[in-house]
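*Asks:* One structure, as structure tokens, below. Some questions next.
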Amino acid sequence: MPSDPQVVVTGASGFVAKHTIAEFLRGGHSVRGTLRSMTKAEDVRRAVSRLGADPAKLTFIVADLVNDVGWEEAVGGAKAVVHTASPFPMTQPENPDDIIKPARDGTLRVLKAAANAAVPRVVLTSSTVAIFYPSDRPKGHVYSEDDFTDETRADLTPYFKSKTIAEKAAWDFARSREAPELVVINPSFIQGPAADGDLSTSHELYRILAKGTYPAAPSISFPVTDVRDVAAAHVAGAFQPGVAGRRYLVGEGRLSLFDLGQILARELPDLRSKVPKFELPDFAVRAIAVFDRKLRTVLPELGEKKAYSNARAKAELGLSLRSADEAVSAAVRSLRDLRLI
Ligand code: NDP
């Protein structure tokens with residue numbers, strides 16, 4: 001096995017990272033994953049095996065977004081670095097800097113280390129939340145890679161700010177002469193099968209729905225994407241020619257929170273009595289959010305259903321995206337297989 005990996009994937013213990021690592025391994029690449037602690041290494045190996053990849057060419061190194069230790073060693077010798085690691089908490093912190101700083105400073109640490117180690121390309125996992133919230137778009141605007149969220153908007157959650165600020169910092173860095181090529185993947189709400197029980201916020205939602213905690217759902221909807229397509233987008237971003245300096249909106253269709261409950265009930269009929277029975281009017285959601293911090297995260301979503309284009313990702317990364325329904329069905333079934341709902 002070569003001592004230098006072809007690809008480094010940061011945050012190897014994450015939902016997106018495990019699928020992305022599996023996709024690289026299935027394609028014959030060697031991978032080094034970064035972890036905050038080596039205690040998760042064996043779990044990640046087992047997860048990528050479960051995803052049909054041989055972990056023989058997977059190694060790990062410890063590096064944390066909040067300090068410089070280990071990053072240059074982590075990225076050294078790689079042909080591409082895929083930076084997925086970023087805080088994605090279920091509950092928003094009181095102090096936005098708790099997640100903005102690791103997201104932004106961690107991204108800059110990875111980019112600086114990659115520049116010092118002469119890594120040719122970095123692929124950054126951003127989000128559609130860094131696209132969908134500029135301040136001045138008219139109703140009916142079709143959102144695309146040309147749009148950037150205005151991180152000064154007062155209604156944004158700390159998470160939305162963290163993704164926007166980190167991506168903007170990455171583009172600023174990429175404009176400096178010594179920077180590696182930058183490719184940014186902007187996925188919408190990611191669904192698809194969980195690889196193990198170390199769940200992302202994406203899947204924690206179903207545990208809440210399955211407990212019957214919310215008899216009614218706020219009227220919000222979002223584009224969905226399947227993690228298997230997000231992994232394919234990262235792999236294409238790492239090695240495909242002609243994509244450097246580009247960002248890619250990866251999303252397909254649109255589902256409401258109520259729809260997610262209905263798919264959950266369809267796939268697992270024993271949970272039908274637990275899922276939301278109706279949608280709450282927006283004024284009621286705003287009122288409850290005064291007391292319920294979790295609900296505050298949905299406030300920017302109330303109202304307009306944003307139209308968007310995924311044409312660039314399909315044309316330039318060669319993606320054929322799974323439907324939103326397929327992505328959610330696969331998520332729900334995987335959680336049942338893992339006995340988590
Ligand atoms: P997970 O929570 O599953 O993964 C997040 C990863 O980031 C984990 O490996 C976590 O490590 C790591 N991480 C968090 N803080 C630090 C830190 N201080 N230092 C090092 N590593 C850290 O989330 P996802 O896989 O769902 O998300 C991956 C990426 O995709 C994120 O950038 C997220 O913003 C983005 N994204 C996700 C979407 C979704 O719906 N899931 C939608 C759009 C974008 P540990 O295991 O130690 O906590």
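*Asks:* Name the pairs: first residue in the range 26-40 and farther than 16 Å from residue 73 by Cα and of a type outside the set (Gly, Ala, Ser), second residue part of a loop (DSSP other than H, G, I, E, B) and more than 9 Å from the ligand (Cβ to nearest atom), Cβ to Cβ under 8 Å, at least 6 apart or on different chains?
*Replies:* 26/52; 26/53; 29/5; 29/6
*Asks:* So, residue 221, is that one within 16 Å of the ligand (Cβ to nearest atom), touching a residue at least 24 places away in the same chain (Cβ under 8 Å) and over 16 Å from the mean Cα position of the chain (by Cα) or not?
*Replies:* Yes, satisfied.
*Asks:* Here's something else I'd like to know. Checking residue 241 against (1) at positive phi; (2) not in a strand (DSSP E or B), which single condition isn't satisfied?
*Replies:* Going through the list (1) at positive phi; (2) not in a strand (DSSP E or B), residue 241 breaks only (1).
*Asks:* If a residue has to be at pLDDT 95 or above and either among the β-branched types (Val, Ile, Thr) or in contact with a helix residue (DSSP H, G or I) (Cβ under 7 Å, 6 or more places away or on another chain) (or both) to count, how many in the range 161-188 make the cut?
*Replies:* The total comes to 18.
*Asks:* Evaluate the following for residue 175: is it within 16 Å of the ligand (Cβ to nearest atom) and of a type in the set (D, E, K, R)?
*Replies:* no
*Asks:* Output yes when any residue across the range 36-49 is farther than 21 Å from residue 122 by Cβ, in contact with a His (Cβ under 7 Å, 6 or more places away or on another chain) and not small (Gly, Ala, Ser), and no when none is.
*Replies:* no
*Asks:* For the range 285-341, which helices (runs of 4 or more DSSP H) that fit wholly inside it have 2 or more residues that are modelled with pLDDT of 85 or more and more than 22 Å from residue 258 (Cβ to Cβ)?
*Replies:* In the range 285-341, 311-317 are the helices (runs of 4 or more DSSP H) which contain 2 or more residues that are modelled with pLDDT of 85 or more and more than 22 Å from residue 258 (Cβ to Cβ).
*Asks:* Shifting gears a bit: Applying the selection to the range 199-213, what residues are near the ligand (Cβ under 10 Å from one of its atoms) and either surrounded by fewer than 18 Cβ atoms within 10 Å (Cβ to Cβ) or assigned to a loop (DSSP other than H, G, I, E, B) (or both)?
*Replies:* Scanning the range 199-213 gives 199, 200, 201, 204.
*Asks:* A further question on this structure: Evaluate the following for residue 194: is it in contact with a helix residue (DSSP H, G or I) (Cβ under 9 Å, 6 or more places away or on another chain), of a type in the set (Gly, Ala, Ser) and more than 12 Å from the ligand (Cβ to nearest atom)?
*Replies:* No: the conditions fail for residue 194.
*Asks:* Give me the helices (runs of 4 or more DSSP H) completely within the range 9-105, filtered to those with at least 2 residues that are near the ligand (Cβ under 9 Å from one of its atoms), at pLDDT 95 or above and surrounded by 17 or more Cβ atoms within 10 Å (Cβ to Cβ), ordered by residue number.
*Replies:* Qualifying helices (runs of 4 or more DSSP H): 15-26.
*Asks:* May I pose another question? Residue 44: among the hydrophobic types (A, V, I, L, M, F, W, C) and farther than 22 Å from residue 202 by Cβ, yes or no?
*Replies:* Answer is no for this residue.
*Asks:* If the Cβ limit is 6 Å and pairs must be 6+ apart or interchain, which residue in the range 224-239 that is among the aliphatic types (A, V, I, L, M) pairs with which residue that is in a helix (DSSP H, G or I) and within 11 Å of the ligand (Cβ to nearest atom)?
*Replies:* Short answer, once both residue conditions are applied: 224/327; 227/19; 230/16; 231/19; 231/20.
*Asks:* What number of residues in the range 122-144 are within 18 Å of the chain's Cα centre (by Cα) and touching a residue at least 40 places away in the same chain (Cβ under 8 Å)? Steps first, answer last, please.
*Replies:* First, the residues of the range 122-144 that are within 18 Å of the chain's Cα centre (by Cα): 122-133, 144.
Subsequent filtering for residues that are touching a residue at least 40 places away in the same chain (Cβ under 8 Å) retains 122-128, 130-133, 144.
Here the count works out to 12.
*Asks:* So which residues in the range 154-172 are in contact (Cβ under 8 Å) with a residue 40 or more places away in the chain and away from the ligand (no atom under 15 Å from the Cβ), if there are any at all?
*Replies:* 155
The values are calculated or read from the model by the stated rules, or taken from the named source; none is laboratory data. Bear in mind the structure is a predicted one, so any value in this text is a computation, not a measurement. Here the Cβ is made from the backbone with ideal geometry for all residues, glycine too, and neighbour counts use every protein chain on show.
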